[in-house]
Each structure stands twice: as structure tokens, then as C-alpha cells.
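The values are calculated or read from the model by the stated rules, or taken from the named source; none is laboratory data. Worth saying up front: this structure is predicted, and the values here are computed from it rather than measured. A quick note on method: Cβ atoms are made from the backbone with ideal geometry, for glycine too, and the neighbour counts reach across all protein chains shown.
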Amino acid sequence: MEERRVALITGGSRGIGKKVAEKFAKEGYNLVINYVSDSTNIEEIAKEIKQTTQEEIEILWIKADVTDFASCENMIKQAIEKFGKIDVLVNNAGITKDNLLARMKEEEFDKVIEVNLKGSFNMTKSVIPFMMKKRYGRIVNISSVVGVSGNSGQCNYAASKAGIIGFTKSIAKELASRNILANCIAPGFITTDMTNVLSEEIKQEIAKQIPLKKMGTASEVANAVYFFANEENTYITGQVLNVDGGMVM
Ligand code: NAD
């Protein structure tokens with residue numbers, strides 16, 4: 001049997017990350033799933049992920065905070081010890097701390113940059129020596145349409161997501177010669193815990209402004225991640241793909 005590909009997903013225990021994990025499982029990838037919260041029921045989630053696939057895949061779970069560089073290096077080390085390689089990195093872990101700039105605390109700005117942008121740096125920097133050695137890698141970073149268009153009340157989040165786009169384009173240029181392709185997905189409004197904090201009224205208001213007149217699903221984002229990450233993508237790098245029902249064109 002051909003050796004399985006290996007995908008590492010940060011923040012992969014719920015929401016978009018979990019659906020990305022399920023998509024790769026379905027396609028026969030072994031998984032490294034990072035999570036951060038002690039209350040994460042990994043047995044239950046592993047069962048759910050494995051139910052979505054016919055393949056005998058293996059899952060390595062690693063609890064780590066992506067803001068800590070040493071923890072990220074350690075995560076990659078454990079993954080390499082287990083699987084010998086990492087073919088795909090999906091930088092999905094992310095948070096919001098919304099506020100108008102006039103009211104935003106310095107900590108709210110710093111924390112969002114630290115998780116969303118610095119976390120992506122920490123993981124990417126730690127993984128690339130191993131991808132370079134294999135002369136193969138697919139990196140998919142989860143940005144956001146607000147990183148492209150901006151959004152009132154989200155200057156910290158929008159800056160972090162715009163930063164991810166600049167980061168991705170730069171590493172796409174640096175790493176192309178090693179057959180490492182890096183791209184961004186920019187989701188619009190997707191139904192997950194992150195957006196469940198919004199009131200029903202606000203969600204309906206948002207849906208009205210989307211050409212497809214509805215919020216997206218985590219699976220719709222996961223399919224786009226796989227489009228960039230699978231081995232048949234050999235010529236797309238440094239791109240941003242909006243998965244947003246036509247919200248930002
Ligand atoms: P979510 O809150 O369900 O998932 C975020 C995940 O990141 C969780 O698993 C969480 O534990 C993890 N995480 C947070 N801080 C972490 C840390 N320090 N270390 C490791 N993991 C950490 O939300 P989601 O909607 O699934 O978001 C996934 C990604 O998609 C995020 O990057 C988010 O910014 C992005 N996104 C979401 C939407 C949306 O509408 N839901 C839109 C655009 C972009």
C-alpha cells in the first residue's frame with residue numbers, strides 16, 4: 001500500500017478545524033490534531049472523525065498552545081517521531097476579541113495577534129525544515145475575508161488575518177523552489193462556536209448581505225482547504241481563496 005500522507009491541523013478539535021480533520025481522514029490521511037483546552041474530549045472526537053472515513057487512519061493528538069514557540073517545535077518533533085513526516089500543515093487555530101478601537105485594550109490587540117499571526121509563524125517555522133528535507137509540503141493558512149476588507153469592531157482580528165495573507169505570500173515565494181506550496185483560505189461568516197456568540201438577529205442581518213443569502217458551513221471551508229492541500233495541486237501557491245458566499249469580490 002502507498003504510504004499515507006500526514007496532515008497536521010491546529011485547533012482541530014472543533015469547528016472548522018474538526019471538519020478539516022474529517023475531510024483529510026476521508027481522503028486517507030493520517031492526522032496530527034492539535035488542541036489546547038483540557039476539557040477537550042479527544043476519545044469522543046476521535047470516534048466521530050473515524051466514523052467519517054472507510055480508511056484505517058491513525059490520529060496523534062497533541063495538546064499545545066500555538067503561541068508558545070517551544071511547544072510548537074515540540075509538537076512537530078512528536079509528529080515526526082510518530083509518522084516520519086508532515087505533508088500538510090493547516091494553521092487553523094484562531095480567536096477573536098472584538099471591540100471598537102477606541103475601547104480596545106492593549107491586551108485584546110496583543111492576544112489576537114499572538115494566537116492568529118504569531119501562532120501561524122511558530123508552527124510554520126517549526127515544520128519547514130522537515131518539509132524542505134522531503135521536498136514536499138502544502139501549507140494552508142486560515143485567514144478571513146475581514147483580513148481583506150476590514151471590519152468595524154475587529155481591528156485586531158482583521159490585522160492578524162491581513163498579516164497572515166502577507167506572511168503566506170512571502171513564504172510561498174521563499175519555499176516554492178522546495179516544492180512547498182502555501183495558500184490562504186479566507187472564510188466569510190461560517191456557523192461555528194466563533195460565530196454562535198452573535199445574536200440570531202445579527203446573523204440574519206449578515207445573511208441578507210451575502211449574495212448566497214446564508215452563512216457558510218465548516219465543511220464548505222474544509223473542502224477548499226483540501227483543494228489547496230492535496231497532492232494534485234502542483235501549480236497554485238501564494239493565493240487567497242474567499243469561501244464567503246460572494247460576500248467580498
Ligand atoms: P472555533 O472557536 O470553533 O475554533 C478555533 C479553534 O482554535 C479551537 O479549536 C480553539 O481551541 C483553537 N485555539 C484557540 N486558541 C488556541 C491556541 N492558543 N493554541 C491552539 N489552539 C487554539 O472557531 P472556528 O470558526 O472553527 O475558527 C477556525 C479558524 O477559522 C480561525 O482561525 C478563525 O479565525 C477562522 N475563521 C472563522 C470564521 C467563522 O465565521 N467562523 C470566519 C473567518 C475565519
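Brief remarks follow.
- Test: residue 197 is of a type in the set (Val, Ile, Thr), surrounded by fewer than 16 Cβ atoms within 10 Å (Cβ to Cβ) and within 12 Å of the ligand (Cβ to nearest atom): yes
- Those residues of the range 156-194 which are more than 12 Å from the ligand (Cβ to nearest atom), farther than 13 Å from residue 91 by Cα and not in a helix (DSSP H, G or I), in sequence order: 179, 180, 181
- Some residue of the range 13-24 being under 28 Å from residue 158 (Cα atoms), among the hydrophobic types (A, V, I, L, M, F, W, C) and more than 16 Å from the ligand (Cβ to nearest atom): no
- Some residue of the range 133-147 being more than 9 Å from the ligand (Cβ to nearest atom), in a helix (DSSP H, G or I) and either closer than 27 Å to residue 216 by Cβ or in contact with a Leu (Cβ under 9 Å, 6 or more places away or on another chain) (or both): no
- Qualifying residues in the range 108-162 (those that are β-branched (Val, Ile, Thr) and in contact with a Lys or Arg (Cβ under 9 Å, 6 or more places away or on another chain)) - the one surrounded by the fewest Cβ atoms within 10 Å (Cβ to Cβ): 148
- Meets criteria (modelled with pLDDT of 95 or more and among the polar types (S, T, N, Q)) for residue 196: no
- Leading residue by the ranking (farthest from the chain's Cα centre (by Cα)) among those in the range 200-215 that are assigned to a loop (DSSP other than H, G, I, E, B) and within 12 Å of the ligand (Cβ to nearest atom): 210
- Residues of the range 53-97 that are within 16 Å of the ligand (Cβ to nearest atom), among the polar types (S, T, N, Q) and assigned to a loop (DSSP other than H, G, I, E, B): 67, 92, 96.
- Single condition residue 101 does not satisfy, out of (1) outside any helix (DSSP H, G or I); (2) within 11 Å of the ligand (Cβ to nearest atom): (2)
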